[in-house]
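The values are calculated or read from the model by the stated rules, or taken from the named source; none is laboratory data. If you're wondering where the values come from, they're calculated on a predicted model, not measured in any experiment. In this analysis, Cβ positions are derived from the backbone assuming ideal geometry, glycine residues included, and neighbour counts consider all displayed protein chains.
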Amino acid sequence: MNKNIFLVGTHWGDEGKGKIVDVLTENASACVRFQGGHNAGHTLLIGGKKIILHLIPSGILRDHVKSIIGNGVVVSLEALQDELNDLKSNNIAIQDKLFISKFCHVILPSHQAIDIAREKYLGKASIGTTGRGIGPAYEDKVARRGLRLIDFFNHEHLISRITSLIDYHNFLLSNYYKSTPVSLNETIDKLVPIFKSIKKYVIDVTPLMMEISTNSTIIFEGAQGTMLDIDHGTYPYVTSSNTIFPGMTTGTGIGSDKINYSLGITKSYTTRVGNGPFPTELKDDIGDNLAKWGGEIGATTGRARRCGWLDIKILNKAIELNNLNGIALTKLDVLDNLEKIKIGKDYNSFSDVADIEYLEMDGWQTLTKGIKKLKDLPKNARHYIETIENLSNTSVDLISTGASREDIIFIKNIFE
């Protein structure tokens, strides 16, 4: 029986989606990215070797899985080329496995230049973007002046479109941001050869997904997390696309009726990269230790992640927004050393951190890494998991206790 699964981070991203997708694709035929760009970072540990993916779906690591980049993704050709070269250097097959929507919008070097110049211009009021040009590319998409992969198939049409767009970008860079303009000719000379090298992967992917979804299993993976959604997140400190369930339908052309199960990826504590509100943030030794024990460095940016207690209020909002059927609880092992553990239950607003209601419980101070069965977890760890289930009224169906794909506890077979 096929069972298509939607997968999303429940907080601000970095919940460990890549590892969970990698585990689930063992039983899938395709893996689809539906939004975001190369500002996402999925870190996977396969056979003791670390592989970081930014744009290509995590399913690419399995030979039987088709990896599909949907139309809702914005593509940097340079970043895509670098990622393909990295995969090839690790002897990971690409041919007949990677498919990219011809309707994806393209991130130009001028988009990145605007992104960086804008953040510098805003100073202390900056959003804290990754500086990858994601936001400006989505702006051009919505303004109907964007450049798509399909434009590269007609060179004359491409030159006309890209000239107009970069002229506009350079006007902004020179006259508003007082920054250095981008060379049109260098951009063309750089991007056209890259497109020719990846042209064989570029198709209309929606019919392919429709075909697979009727007789096999597809994993739909979003980048970032629920609270970075442009409409429902902690605006303006959000990403530039819809990270939640509706973003999947617009970013792929696949209807919501094709999804059989929605899985929320929830870290056992909460992290956030960049600026913006973070009610349960820990600005003390515990927060520093969580960052150290959890290796909380952004896979894409290299920036340190802010750490705090698990925020149940946000988790419950994510459950509602994404119609989640279950939770995959990740990085449980990072809490192993703590004597006391807290869960943020409620507060009045994101900005007023003085009124947070916490639930405190005893830690387990025993190693959980590598444990394969729920019953073998320490009693207090099981109590922590049960508390999350009770507070969210949602079952924890998977538990990750380490970075390796083998460090997983299946409580429920979500494919049944």
Just name the residue that is surrounded by the fewest Cβ atoms within 10 Å (Cβ to Cβ) out of those in the stretch 375-395 that are aliphatic (A, V, I, L, M) and over 26 Å from ASN322 (Cα atoms). LEU377
Here's a check for you: in the stretch 52-63, which residue that is part of a loop (DSSP other than H, G, I, E, B) and farther than 21 Å from PRO207 by Cβ is farthest from the chain's Cα centre (by Cα)? ASP63
Per the filter on the stretch 248-269, residues surrounded by 24 or more Cβ atoms within 10 Å (Cβ to Cβ) and not β-branched (Val, Ile, Thr) are MET248, GLY251, LEU263, GLY264, LYS267, SER268, TYR269
Looking at the stretch 145-160, can you tell me whether even one residue there is farther than 19 Å from VAL74 by Cβ, surrounded by 14 or more Cβ atoms within 10 Å (Cβ to Cβ) and over 25 Å from the mean Cα position of the chain (by Cα)? yes
Condition met for GLY264 (on the phi < 0 side of the Ramachandran plot and touching a helix residue (DSSP H, G or I) at 6+ places or on another chain (Cβ under 7 Å)): yes
Give the number of residues within the stretch 88-114 that are surrounded by 19 or more Cβ atoms within 10 Å (Cβ to Cβ) and among the hydrophobic types (A, V, I, L, M, F, W, C). 9
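Okay, residues lined up against (1) among the charged types (D, E, K, R); (2) assigned by TED's automatic domain parsing to the domain that holds VAL192:
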position: ILE92; (1), (2): no, no
position: TYR121; (1), (2): no, yes
position: THR129; (1), (2): no, yes
position: ARG132; (1), (2): yes, yes
position: GLY135; (1), (2): no, yes
position: LYS141; (1), (2): yes, yes
Within the stretch 64-90, which residues are in a loop (DSSP other than H, G, I, E, B), modelled with pLDDT of 90 or more and of a type outside the set (Ser, Thr, Tyr)? HIS64, VAL65, GLY70, ASN71, GLY72
For helices (runs of 4 or more DSSP H) lying entirely in the stretch 240-351, having 1 or more residues that are in the same structural domain as ASP397 (by TED's automatic domain parsing), at pLDDT 90 or above and farther than 29 Å from GLY133 by Cβ picks out 285-293, 312-322
Residues (surrounded by 24 or more Cβ atoms within 10 Å (Cβ to Cβ), of a type in the set (A, V, I, L, M, F, W, C) and modelled with pLDDT under 85) located in the stretch 13-57: ALA40, LEU53
Which members of the stretch 326-346 meet the condition of being under 13 Å from GLU281 (Cα atoms) and not aliphatic (A, V, I, L, M)? LYS342, GLY344
Return the total of residues in the stretch 178-235 being basic (Lys, Arg) and modelled with pLDDT under 95. 1
Can you spot a residue in the stretch 200-222 that is charged (D, E, K, R), buried (at least 24 other Cβ atoms within 10 Å of the Cβ), under 30 Å from LEU165 (Cα atoms) and in the same structural domain as ASN39 (by TED's automatic domain parsing)? no
For the condition under 24 Å from ASP285 (Cβ atoms), under 27 Å from the mean Cα position of the chain (by Cα), surrounded by 13 or more Cβ atoms within 10 Å (Cβ to Cβ) and basic (Lys, Arg), what is the one hit in LYS369, LYS313? LYS369
